[in-house]
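Have a look at the structure below, then the notes.
The values are calculated or read from the model by the stated rules, or taken from the named source; none is laboratory data. This one's a predicted model, so the numbers in the text were calculated from it and none came from an experiment. As a convention, Cβ positions derive from the backbone with ideal geometry for all residues, glycine included, and neighbour counts pool all protein chains shown.
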Amino acid sequence: MTPGAYLATGLETGQVASGGDAGSPAEVRRDTRPRPGTADRLFRGVSRTAAITVMTTMGFIGVFLLYKALPALRKVGLSFFTETQWLPSSNTFGVGAVLLGTILIASVALVVAVPLSICTALFVSEYAPRRLRRPMVSLLDLMAAIPSIVYGLWGFFFLQPRAITVSRWLADHLGWFPFFRTHRGVTGLGQYASSTFIAGLVVALMVTPIITSIMREVFSQTPAGEREGALALGGTRWGMIRAVVLPFGRGGMVGAVMLGLGRALGETIAVYLIIAPLFASPGRMIHILEQGGMSISSLIALRYNESGSFGLAALFGAGLVLFALTLLVNALASTIISRSRSGEATEI
Amino acid sequence: MAITTTSPLGHPVPGTVRNPAGPALPESPPEVRIRPAQVTADDVLAIGGSALCALCLTWVLFERLLPLSGTVGFWLCCYVLFLAVYSTVVLSREGRGVALADRVMSVICHAAGLTVVTILSLIIGYTAFRGYTALHLNFFTQTMSVTAPSDPLNSGGALHAIVGTLLQVGVAVLISVPLGITTALFLNEVRGPLARPVRTIVDTMSAIPSVVAGLFVFATVVLSLGTNRCGFAASLAITVMMMPIITRTAEVVFRIVPGGLREASLALGGSQWKTVWHVVLPTARSGLLTAVILGVARGVGETAPVLLTAGFTNDLNADPAHGAMLSLPLYVLNYVKFPQPESVARAYGAALTLLVIVLVLFVIARVVGGRNPGALSRRQKRRSAEVS
């Protein structure tokens, strides 16, 4: 209801009350419906048009991608989801390998980013001295604003040579774990470069500030009364966090992780810079420590220049899959965040 | 900390509870105020000693005993050893699981915060260190039209990329700011049955993968309308990325404009339009500016949408409507692929320029957005004092 409408209702009741007085002149019922002026009507029309424009443009994206991808999808049918090769010229293409690669990169990213984010968010909201909190929040926002190409450069030139020995150690000592297994031909250190694992590490650093700032927001909304109650009962600070802060923020935490997952799935340039393109069977793709991997977004960045409308149609199909995946994850995330208890204070 | 009578470890605290029934008992010690957040010399020594011990152990492991190497591995190993040593120290001193969990989790959370800050400074520092060598004056005044990637760094530059970035983001701002703010006004001031679907769609779209936005503009503008790749297409792609951010942030800003101000304006007989123009927008000015600046900071660094829509050129092109137009992220992406150290240095120079632009925008946003809605700047206060 608009403020104008409130105003009109108020006038109307006033009118009726005074009209009931004895000895008043003949009752004339005035029309008190709000009559917006030209400027108001113009304003509402313009803003409504803007909103509709935004909505249709955004909604148009999915429809248009589907329309453009139809020729390719019709050609290969359901095998689009199982085929691992990407050779549109010979009609064998599908997202089997790249979809798995995307999910693997995002999983590595989340495995690293989620514990780091939870602890950082707890540090900012619970442990950090008061005068450090605002600077920390600013730093996290800044970290989220750094362009992905800078992350990509840093990951490729700085992190990769320093983290590659961790890959080798994992492969040597935890090789029984299926994801850490390597091809038997792997001997040199260079064969651990440009892997799903390294790309996942860089993506982890990119999503950490996003996840952290949402979690921090949720944690800081924990009712002070419940915190103080836990402390007054003799709890330690960690006891208070485990008994009050984490259960209170659970919904928000899950939502934050989902939002981070959405970002990790769609990350393009950092992955594109680091990873060595590989289209292989799932059995090979899951060797995340070994050189080679792929994601839908880096596939698009790699192949968009290839000639032929059919090849482009196939890429639009891949883009559509990525779009649907992130949309699903984000919708789920916002539902979880809005349903969680976070933000409601307890009455004491 | 509001609570001062509980020790962080849950010990009963003698002496802090007054005896309500008369004077204190003679044997009770004098009252001591306990601060749970206080750090004692004990804690400092325990943490420092454990850290030193872990560092030395890791050094021995890496350099003398085991065939291990690598910086990341070194610090990971050091961290794990530190936690082990510190747990042992705490357990031997306190002897209680509760205290152990509290101390260890506190250390882990501090370490996480330290890690994030370290990584951020490493990213900025490393980019600045590598990019600094390329930033001769000619980097900002020349293009690459007559310079080969392997030429020395005192010829050629990124002028065309800087101009391209400014033009593309400028056009994107011209489109997305009016549209985004008007949409936010619709969501918060006009409302109606349409507001819900619009908000849902804007929310879900704010996390759309950037490459999909590029693909969409590539499909509509470049393929369907038949124009070639050009700066304007890149601007549209950046707009698709920026608009949801600006809309969402602006809506939040409008939401915290006090309702009393709106009602006062309406009660004085102002129409809805007058209220929005003279009350809501001026009150939210600094917040709106922050929203726009943060949107711009995001748009400047977008690489994937520009990659698909802008094309590549070595020449200066100041016409968004025709011909390929280079921008800073694409410049980085292109020159980092060459094997010559000069071209990698150029890529780092452009990355540093980009980073500095984002940093400056960010600092401006913090300075502008630090005020509450309706709070006046020093100049506004002086002006209002002169008027009254």
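Quick notes on this structure:
- Helices (runs of 4 or more DSSP H) fully within region B:283-388 that include at least 1 residues being among the aliphatic types (A, V, I, L, M) and without any contact (Cβ under 8 Å) to a residue 40 or more places away in the chain: B:328-335, B:341-369, B:378-387.
- Residues that are more than 11 Å from every other protein chain (Cβ to nearest Cβ) and touching a Phe, Trp or Tyr at 6+ places or on another chain (Cβ under 9 Å), drawn from region B:222-241: B:ALA233, B:ALA237
- Figure legend. Inter-residue proximity from region B:262-281: first residues more than 10 Å from chain A (Cβ to nearest Cβ), second residues of a type in the set (Phe, Trp, Tyr) and in a helix (DSSP H, G or I), beta-carbon distance below 7 Å, spacing 6+ or different chains. Indicated pairs: B:VAL280/B:PHE254.
- Contact map, region B:91-111: first residue more than 7 Å from every other protein chain (Cβ to nearest Cβ) and within 20 Å of A:ARG216 (Cα to Cα), second residue among the aromatic types (Phe, Trp, Tyr) and part of a helix (DSSP H, G or I), Cβ cut-off under 7 Å, separation 6 or more or different chains; pairs are B:VAL107/B:TYR86; B:ALA111/B:TYR79.
- Among the conditions (1) more than 26 Å from A:SER148 (Cα to Cα); (2) without any contact (Cβ under 8 Å) to a residue 24 or more places away in the chain; (3) aliphatic (A, V, I, L, M), B:ILE181 misses just one, which is (2).
- Count - residues of region A:246-271 that are surrounded by fewer than 24 Cβ atoms within 10 Å (Cβ to Cβ), farther than 23 Å from A:ILE296 by Cβ and either within 13 Å of chain B (Cβ to nearest Cβ) or touching a Pro at 6+ places or on another chain (Cβ under 6 Å) (or both): 1
- B:ALA51 at pLDDT 90 or above and under 25 Å from A:ALA230 (Cβ atoms): no
- Some residue of region B:75-93 being at positive phi and not aliphatic (A, V, I, L, M): no
- Test: A:SER309 is more than 30 Å from A:TRP176 (Cβ to Cβ), surrounded by 24 or more Cβ atoms within 10 Å (Cβ to Cβ) and either away from chain B (no Cβ under 12 Å) or of a type in the set (Gly, Ala, Ser) (or both): no
- Some residue of region A:285-306 being part of a helix (DSSP H, G or I) and either free of Cβ contacts under 8 Å to residues at least 12 places away in the same chain or at positive phi (or both): no
- Residues of region A:187-201 that turn out to be modelled with pLDDT of 85 or more and either in contact with a His (Cβ under 7 Å, 6 or more places away or on another chain) or in a helix (DSSP H, G or I) (or both), as a count: 6
- Annotation for region B:242-256: no member residue is modelled with pLDDT under 85, part of a helix (DSSP H, G or I) and facing chain A (nearest Cβ under 9 Å).
- Qualifying position, being of a type outside the set (D, E, K, R) and closer than 30 Å to B:TYR331 by Cα, among A:ALA128, A:ALA145, A:ALA72, A:ALA121: A:ALA145
- When A:ALA232, A:ALA224, A:ALA199 are checked against the criterion of being within 28 Å of the chain's Cα centre (by Cα) and either within 30 Å of A:LEU153 (Cβ to Cβ) or surrounded by fewer than 20 Cβ atoms within 10 Å (Cβ to Cβ) (or both), a single residue qualifies: A:ALA199.
- A:ILE274 meets each of the listed conditions (1) within 20 Å of A:GLY96 (Cβ to Cβ); (2) in contact (Cβ under 8 Å) with a residue 24 or more places away in the chain apart from (1).
- So B:ALA310, is it within 13 Å of chain A (Cβ to nearest Cβ), buried (at least 24 other Cβ atoms within 10 Å of the Cβ) and within 24 Å of the chain's Cα centre (by Cα): no
- Top-ranked residue of region A:41-66 - restricted to ones that are more than 7 Å from every other protein chain (Cβ to nearest Cβ) and among the small types (Gly, Ala, Ser), ranked as surrounded by the most Cβ atoms within 10 Å (Cβ to Cβ): A:GLY62
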